[in-house]
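**Q** If you scroll down you'll find the structure; I have some questions about it.
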Ligand code: SF4
Ligand code: SF4
C-alpha cells in the first residue's frame with residue numbers, strides 16, 4: 001500500500017463536487033481528512049491522507065489535476081511543546097510505539113521523535129494541546 005499526505009486546493013467552480021468520494025469509487029483509494037476549509041462557491045482547501053496501490057494513487061492524482069485541483073505534497077511531524085506539557089501522562093497511554101514514555105524516577109514525560117509514527121493519537125489525548133502537528137509543503141510533480 002502507498003500512502004501520502006496531500007494539500008488540495010479547489011477552485012470555486014468545483015468546490016461542491018464530491019471529489020474525495022470519487023477517489024474512493026473510481027480508484028479504490030481510501031482517505032483520511034486531516035483538515036478542511038471548504039465554503040460553497042469559494043475556493044476550498046483540504047489536507048488529506050490518501051492511501052491505495054501506487055498505480056491507483058497516481059491515477060487519482062491525475063484525476064485531481066485534470067479537474068483543476070492543485071495538489072501539493074505535505075509531510076508532517078509531531079513535536080512536544082515542553083512549555084505546555086505538565087507531565088500528566090495521558091499521552092503515554094495512547095502512544096503505541098513508545099515514543100512518549102515516563103522517565104523514572106523523576107516521573108516526567110519524555111518524547112523520542114525517532115520512534116514516532118505520526119499517528120496523532122497523542123494530539124487528541126493531550127489536555128494541554130502540547131503535542132503539535134507541523135506540516136511542510138512541497139509542489140507535487
Ligand atoms: S498528555 Fe500532554 S500534558 Fe500530559 S504528559 Fe502528554 S504532552 Fe504532557
Ligand atoms: S503521534 Fe502517535 S506515535 Fe507519535 S508520539 Fe503521538 S501517539 Fe506516539
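**Q** Anything in region 91-141 that is in a helix (DSSP H, G or I), modelled with pLDDT of 90 or more and exposed (fewer than 14 other Cβ atoms within 10 Å of the Cβ)? List them, or say none.
**A** 93, 124
**Q** So, in region 21-50, of the ones that are under 15 Å from the mean Cα position of the chain (by Cα) and surrounded by fewer than 17 Cβ atoms within 10 Å (Cβ to Cβ), which residue ends up modelled with the highest pLDDT?
**A** That would be 30.
For (1) touching a residue at least 24 places away in the same chain (Cβ under 8 Å); (2) under 21 Å from residue 135 (Cβ atoms), each residue gets a yes or a no:
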| residue | (1), (2) |
| --- | --- |
| 30 | no, yes |
| 52 | yes, no |
| 55 | no, no |
| 58 | no, no |
| 72 | yes, yes |
| 86 | yes, no |
| 95 | yes, yes |
| 109 | yes, no |
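**Q** If you go through region 75-89 one residue at a time, do you hit one that is over 30 Å from residue 28 (Cα atoms) and more than 9 Å from ligand 1 (Cβ to nearest atom)?
**A** yes
**Q** Is it the case that residue 100 is more than 30 Å from residue 9 (Cα to Cα) and either near ligand 2 (Cβ under 9 Å from one of its atoms) or touching a strand residue (DSSP E or B) at 6+ places or on another chain (Cβ under 7 Å) (or both)?
**A** Against the criterion (more than 30 Å from residue 9 (Cα to Cα) and either near ligand 2 (Cβ under 9 Å from one of its atoms) or touching a strand residue (DSSP E or B) at 6+ places or on another chain (Cβ under 7 Å) (or both)), residue 100 qualifies.
**Q** Residue under question is residue 8, and the condition is that it be in contact with a strand residue (DSSP E or B) (Cβ under 8 Å, 6 or more places away or on another chain), surrounded by 13 or more Cβ atoms within 10 Å (Cβ to Cβ) and within 17 Å of residue 124 (Cβ to Cβ); does it hold?
**A** no
**Q** Can you pull out every residue in region 70-97 that is within 20 Å of residue 5 (Cβ to Cβ) and more than 13 Å from ligand 2 (Cβ to nearest atom)?
**A** Correct list: 70, 71, 72, 73, 74, 75.
The values are calculated or read from the model by the stated rules, or taken from the named source; none is laboratory data. These figures come from a predicted structure and were not determined experimentally. With ideal geometry, Cβ positions are generated from the backbone for all residues, glycine too; neighbour counts draw on all protein chains shown.
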